[in-house]
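All remarks here apply to the structure that follows.
Rule-based calculations on the coordinates, nothing more; no lab input. Model, not experiment: these values are computed from the prediction. No Cβ is skipped: glycine too gets one built from the backbone with ideal geometry, and neighbour counts run over all protein chains shown.
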Amino acid sequence: MNMDREQFVNGDEIVDYWGYLKSIDWYDPWLIALMLVHVGTTTAAICTRNHSLFQVILFLVLLLLVYFSETINELAARHWRTFSRQQYFDSNGLFISTVFSIPILLNCMLMIGNWLYNSTQLMSKLKVAQLREQRKSQQKLK
């Protein structure tokens, strides 16, 4: 998707990241809705931590959203007037990375951390069961 360069904000001029974050109108309704989606996604990831199939599907959907964030950024830059008060979508993708991709990737990291924790718990339970079985078989031999 090639677009005219005028449709993007120039991301090269952004030097102060915190100043950039302060310049965003966080009360824009679509940004509030996006943040609520992120909170809902985090809640779903936490509440379904013991439901592997749902977590895998959620994980893959989230990674697909991050994969297509460049395309989403281009579409949003083209149609920003229909949903936003300001044009935030720079050609480098700083805005979409900040408000869209980073929270999604943090959720993915949360799920991976949960999977690793569950794996270590399962492996330790398995080892304890193996040791008990081994002890029982040794006692039968005596």
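With the crude spin-label approximation of a point 7 Å out along Cα→Cβ, what separation in nm comes out for residue 23 versus residue 141? The modelled label-to-label distance comes out at 7.4 nm.
Residues considered: 56, 128, 37. Largest GNM mean-square fluctuation over the chain, using C-alpha springs under 10 Å, is found at 128. Close amide H pairs (under 5 Å, H built 1.01 Å from N) link residue 90 with 9, 95, 96, residues at least 5 positions away or on another chain. Cut-off 11 Å, label point 7 angstrom out along Cα-to-Cβ of residue 121: give me the residues of the stretch 28-66 whose amide nitrogen falls inside. Residues passing the 11 Å test: 49-51. Rounded to the nearest angstrom and listed largest first, the equivalent-ellipsoid semi-axes of the chain from its Cα gyration tensor are 48, 14, 14. Here the 3J(HN,Hα) profile of the stretch 104-118, calculated from phi with Karplus coefficients 6.51, -1.76 and 1.60 at θ = phi - 60°, is 5, 5, 5, 5, 5, 5, 4, 5, 5, x, 5, 4, 5, 4, 4 Hz, Gly and Pro shown as x. Each of residue 34 and residue 132 was given a label point 7 Å from its Cα along the Cα-to-Cβ line. The distance between the two points is 5.1 nm. Candidate cross-link partners of residue 140 among the lysines, defined by an alpha-carbon separation under 26 Å and a same-chain spacing of 8 or more, comprise 125, 127. Residues of the stretch 39-56 with backbone nitrogen within less than 11 Å of a virtual label 7 Å along the Cα-to-Cβ line of residue 114, please, listed as ranges. Under 11 Å, as judged by backbone N against the label point of residue 114, lie 41-56 of the stretch 39-56. Note that the stretch 70-79 has calculated 3J(HN,Hα) couplings of 5, 5, 4, 4, 5, 5, 5, 5, 6, 10 Hz, one per residue in order, obtained from phi through the Karplus relation 6.51 cos²θ - 1.76 cosθ + 1.60 (θ = phi - 60°); glycine and proline are x. Remark: the stretch 46-59, residue by residue, has Karplus-estimated 3J(HN,Hα) of 6, 5, 9, 4, 9, 10, 4, 4, 4, 5, 5, 5, 4, 4 Hz, where x stands for each Gly or Pro and the curve is 6.51 cos²θ - 1.76 cosθ + 1.60 at θ = phi - 60°.
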